Amino acid sequence: MRRFQILAILIACLLVPLNAGAVHEREHRLDALFDLLKEAQTVADAQTIEVEIWKLWTVTGESELDSAMYSGIAAMRRGNLQRALNLFDQLTVDAPQFAEAWNKRATIHYMLGNHDASIADIMQTLTLEPRHFAALSGLGMIFANTGREEAALRAFERALKIHPHLPGAKAFKNSIKRQIDAHRI
């Protein structure tokens, strides 16, 4: 796909304002962006599209919830994992259909070494947003780190079907595939 086509579709996605009552419009935008992501010819094009997906994933359209999400992300960046966990815990209660709240909490659990809790939150994320390539990649990392190579391989393959240019995913997939092949010999 040509760069100007990607740019035109991205601009079209951004022209319609997203508000609390625009769940259908948000899903329509995500569908268009995921179609573009699969067709992206370069890493740069894929990254541009990915940024727009993340923008939609991290907002609900409700200022109080969005503020909590941004505060949680800021706490993560500062290394205040307990504060971030508390915020994301509350978000999963206040907005149980908000997939990114579950994904962010899964990330915190992973960072704290709580693999089972992270997997549970990833599964909820994927129930709400089956195209969540970052959740699939995180699942692959957990499985790889806990010796479940076949499951890790499947997770990375699923992530790459959604986002063929996902940074690091191809390398992880190939590394895990080599490990599996070495075990078979």
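Miscellaneous remarks
- Of all the numbered requirements in (1) farther than 26 Å from VAL51 by Cβ; (2) of a type in the set (Gly, Ala, Ser); (3) modelled with pLDDT under 95, ALA120 misses one, and that requirement is (3).
- Residues (among the β-branched types (Val, Ile, Thr) and in contact (Cβ under 8 Å) with a residue 60 or more places away in the chain) located in the stretch 28-53: THR42, VAL43
- Single match in ARG178, ARG154 (criterion: part of a helix (DSSP H, G or I), at pLDDT 95 or above and open to solvent by 40 Å² or more (accessible area, probe 1.4 Å)): ARG154
- Restricting attention to the stretch 92-116, the residues being among the aliphatic types (A, V, I, L, M) and under 19 Å from GLY79 (Cβ atoms) number 4.
- Flag for GLN5 being modelled with pLDDT under 95, open to solvent by 70 Å² or more (accessible area, probe 1.4 Å) and not in a helix (DSSP H, G or I): no
- Among (1) in a loop (DSSP other than H, G, I, E, B); (2) on the phi < 0 side of the Ramachandran plot; (3) open to solvent by less than 60 Å² (accessible area, probe 1.4 Å), the one test that ILE49 misses: (1)
- Members of the stretch 104-117 found to be surrounded by 15 or more Cβ atoms within 10 Å (Cβ to Cβ) and out of contact with any Asp or Glu (no Cβ under 7 Å at 6 or more places or on another chain), listed by number: LYS104, THR107, ILE108, TYR110, ASN114, HIS115, ALA117
- Residue match in the stretch 67-81 (condition: assigned to a helix (DSSP H, G or I), in contact with a helix residue (DSSP H, G or I) (Cβ under 8 Å, 6 or more places away or on another chain) and either modelled with pLDDT under 95 or open to solvent by 60 Å² or more (accessible area, probe 1.4 Å) (or both)): no
The values are calculated or read from the model by the stated rules, or taken from the named source; none is laboratory data. As the structure is a prediction and not an experimental result, all values here were calculated from the model. Glycine gets a Cβ as well: all are built from the backbone with ideal geometry, and neighbour counts include every protein chain shown. Side chains are part of the model used for accessible areas, which takes the heavy atoms of the whole protein and leaves out ligands, DNA and RNA. Shrake-Rupley method; radii C 1.70, N 1.55, O 1.52, S 1.80 Å.
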